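> Take a look at the following structure, please.
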Amino acid sequence: MEAPKSRERRPAPERRAQILEAAASCIAEKGFHAATMDDLAQAAGLSKGSLYWHFKSKDDVFLALCDAVATSTFEAWDAREGEGSTFERFDTVVLQTLEQGSQLLELRPVWTEFFTHRSCRDRIAELYRAMRWRLAEAFERDGAEGRPLRGSPTAAAALLVGVIEGLGLQAMVDPEFDLKSHWVDGVEVLRGGFG
């Protein structure tokens, strides 16, 4: 059964958010390659024309989803400015994401499609660079404030991004893998070191 078309006039940012939320669910269910613009319009409760008003193609929707994930990640990070060490802030943001859910978690079943799609892969590379840069900069500030890091801030930033992405990948391929509990336990290992 087709979703009712939404005739209510809404500001463009709200409508785009509505489309992206529906698209995330639709793409997670069907996969990027199988989902069509018709599917996305139906999931959003819009006409296909309304969908094309906001997004020129399915690729544009997918790229906007990448951007939405980046935006929410950085907003959560910025909201914690000044709250403890960089590592503590990172841990808080990861836990918040895992507890509240996000488009990133919803899209986990099709995460590999992001990497096979050239534009999305390039956008994700930009996101990783930005995350590493922000973390490294924050680790350097920690050092200036009397909380020095044992090692390179750049290496520490890459390690943290790699750990959470690696855990996410394991959760993606293994339905029995509990991402949150492994992150919580892993944080204790990271705090104590490997000996």
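> Treating only the Cβ atoms of Lys and Arg (+1) and Asp and Glu (-1) as charged, compute the dipole magnitude of the chain about its Cα centre; round to the nearest 20 debye.
Using Cβ point charges on Lys, Arg, Asp and Glu, the chain gives about 660 debye.
> What longest region of the chain stays clear of GluC sites (Glu not before Pro) that DSSP places outside H, G, I, E and B and that have at most 13 other Cβ atoms within 10 Å?
9-80
> Ala125 to Arg10: FRET efficiency via 1/(1 + (r/R0)^6), r the Cβ-Cβ distance, R0 30 Å, to the nearest 0.05?
0.35
> Continuing with the same structure: How big is the convex hull of the Cα atoms of the chain, per residue, in Å³?
Here the figure is 136 Å³ per residue.
> Roughly how many nanometres apart are two label points built 7 Å out from the Cα toward the Cβ at Ala79 and Thr154?
Distance between label points: 3.2 nm.
> Same structure, new question: If you look for lysine pairs in the chain that are eight or more places apart or on different chains, how many of them have Cα atoms under 21 Å apart?
Value for the chain: 9.
> Once you have the Cα-Cα distance between Arg147 and Lys180, take 0.36 nm times their residue separation minus that, and quote the gain in nm to one decimal.
Length difference between fully extended and current span is 9.2 nm.
> What's the FRET efficiency of Lys48 with Arg191 using the Cβ-Cβ distance as r and R₀ = 45 Å, to the nearest 0.05?
Result of the calculation: an efficiency of 0.30.
> Here is a follow-up. So how tilted is helix 86-100 from the main axis of the chain? Cα-based, degrees 0 to 90, rounded to 10.
30 degrees
> How would Ile164, Ile27 line up from fewest to most surrounding beta-carbon atoms within 10 angstrom?
Result, fewest neighbours first: Ile164, Ile27.
> Step by step: find N for the stretch 47-157, compute 2.2 N^0.38 Å, then divide the Cα radius of gyration by it. What's the final number?
Values: Rg = 16.8 Å, N = 111, 2.2 N^0.38 = 13.2 Å.
The value comes to 1.27.
> Quick one: Cα convex hull volume of the stretch 12-56, Å³ per residue?
Measuring per residue, one finds 58 Å³ for the Cα hull of the stretch 12-56.
Throughout, read-outs are computed from the coordinates displayed, never taken from laboratory work. Quantities reported herein were computed from a predicted structural model and do not represent experimental measurements. All Cβ positions, glycine included, derive from the backbone under ideal geometry; neighbour counts span all protein chains shown.
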